[in-house]
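This report concerns only the one structure given below.
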């Protein structure tokens, strides 16, 4: 397919948007490349650009006007700083509680540290409600992480100590497969 040299010119901001036609080149944000790049118009609806084809990656994406990349970088940086601050506060919080060794959270943390000192997380069994477990056995739970079985009740449910405290995990009855 051969494009007319006059129509395949780069959009310079002086062109009226109603004059767009398929194949025209303009600058837009490519959501695949995550950059402002030259794109070719791939779909128009009533003179409004709907889809464009990135001239770098070749993918057809929904049209998005160019974004201010510096503002976007500042936004990402501020979000990263906020997340780092939250993590730092979460890490410092248990340390502050261990000063008051009488607090229940500090006691749980100390118990957790004692029970997990000699446990290799790679050897822990993945939690399955149909399995049998022993007291002080390490289990890996997909939501709570690694835990140590603390107590097993007669109905099979067990109390497991995770890093954030105790959780009751129910035992389900294994289906009779015949």
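Quick look at the numbers
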quantity: Packing-based order for 144-150, 107-113, using average beta carbon neighbours within 10 Å, highest first; calculated: 144-150, 107-113
quantity: Packing rank of 65-77, 49-61, where each peptide gets the mean count of other beta carbons within 10 Å, highest leading; calculated: 49-61, 65-77
quantity: Rel. contact order, % - alpha carbon contacts under 8 angstrom, at least six apart, segment 17-69; calculated: 34 percent
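Values in this text are rule-based calculations from the coordinates and carry no lab data. Worth saying up front: this structure is predicted, and the values here are computed from it rather than measured. So basically every Cβ, Gly included, is an ideal-geometry build from the backbone, and we count neighbours across all protein chains shown.
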